[in-house]
Amino acid sequence: MPSDSLREHLRAHAARLAQIDPIRSLGKVADCVGLVVESEGPSASIGDLCDIQGTEGEVRLAQVIGFRENRVLLMPLEEPQGLQPGARRENEEIRIAGAGGARVTGPRRRRV
């Protein structure tokens, strides 16, 4: 029989595993026009935050600002240098509230 300390250890790991999302939805940059980045997939909502991987592997944060012909329109919140068509895009697990506040939900963002 497992000891009580082993059971506690396993419970702690089970709780951590329950918080992990094993499925990552990735998209790619289709075009950049001015400061607007167009992405093909994954689906998102206005206000969602996304990571876009640049040419050197650096990650840029962007926010969903609209949609056009099955593409997601993004506004980079950081310097857009290094972004180009084909760059990987991934949805973040946080959302910024409207202009009235800085409410954030979900885990803090991670850097790749």
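The values are calculated or read from the model by the stated rules, or taken from the named source; none is laboratory data. As the structure is a computational prediction, the values presented were derived from the model and not from experiment. Note that we place each Cβ from the backbone using ideal geometry, even for glycine, and neighbour counts take in every protein chain shown.
Of note:
- For Gly41: the one exception among (1) without any contact (Cβ under 8 Å) to a residue 24 or more places away in the chain; (2) within 30 Å of Arg71 (Cα to Cα); (3) surrounded by 11 or more Cβ atoms within 10 Å (Cβ to Cβ): (1)
- Residue within region 1-19 that is more than 14 Å from the chain's Cα centre (by Cα) and in a strand (DSSP E or B) present: no
- Selection count where residues are over 20 Å from Pro85 (Cα atoms), of a type in the set (A, V, I, L, M, F, W, C) and modelled with pLDDT under 90, scope region 5-60: 9
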